[in-house]
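Following: one structure in structure tokens, then a few remarks.
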């Protein structure tokens with residue numbers, strides 16, 4: 001039997017809330033001083049890019065203290081090149 005830790009259950013609930021567009025639930029479990037890092041600047045070309053990505057959540061007192069996303073920026077740059 002798979003039993004999630006409280007931190008894993010929290011992250012799963014964040015993905016579920018995001019999937020429903022429930023931003024209020026996401027904001028509700030962020031600490032007052034949390035950071036959310038996901039950067040990128042892309043030019044729209046109509047091309048799409050698929051890549052692997054990693055999300056890292058830092059959980060403190062059952063709230064999100066920090067979020068950081070890593071993705072394949074070279075693949076994205078290739079798809080959005082003019």
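The values are calculated or read from the model by the stated rules, or taken from the named source; none is laboratory data. Predicted model, so just to flag it, every value in this text is computed and none were measured. Here the Cβ positions follow ideal geometry from the backbone for every residue, glycine too, while neighbour counts run over all protein chains shown.
Where strands (runs of 3 or more DSSP E) sit wholly within segment 24-71, those with at least 1 residues that are surrounded by 10 or more Cβ atoms within 10 Å (Cβ to Cβ) and at pLDDT below 80 occupy 30-37.
Name the residues in segment 1-15 that are more than 29 Å from residue 77 (Cα to Cα) and at pLDDT 90 or above, would you?
5, 6, 7, 8, 9, 10, 12, 13
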